[in-house]
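Peer 1: Pasting in a structure now, in structure tokens, and then I'll have a few things to ask.
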Amino acid sequence: MMTNCFALMGSMGWLGWLMPLAVLSLLGLGIAALLKYLFASNPTPPRNGANS
């Protein structure tokens, strides 16, 4: 299966190698942002009304 995947990526040129790396990096950044949001020690309170 890996051989077929690498053959397909190789036939697409540089875009075949760039797209999986871009997707994995965006996925990693999304997971990191989610973890930071969930485990923030002191989240800022929401602003509403005339105080904003």
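Peer 1: Would you tally the residues in the stretch 1-34 being over 12 Å from the mean Cα position of the chain (by Cα) and not polar (S, T, N, Q)?
Peer 2: At the first step, the residues of the stretch 1-34 found to be over 12 Å from the mean Cα position of the chain (by Cα) are 1-19.
Then drop every residue that is not not polar (S, T, N, Q), which leaves 1-2, 5-10, 12-19.
Number of matching residues: 16.
Peer 1: Considering the stretch 17-52 alone, what residues qualify as being modelled with pLDDT under 85 and of a type in the set (Gly, Ala, Ser)?
Peer 2: Residues satisfying the conditions are Ala40, Ser41, Gly49, Ala50, Ser52.
The values are calculated or read from the model by the stated rules, or taken from the named source; none is laboratory data. Every value quoted in this text rests on a predicted model; they were computed, and no experiment measured them.
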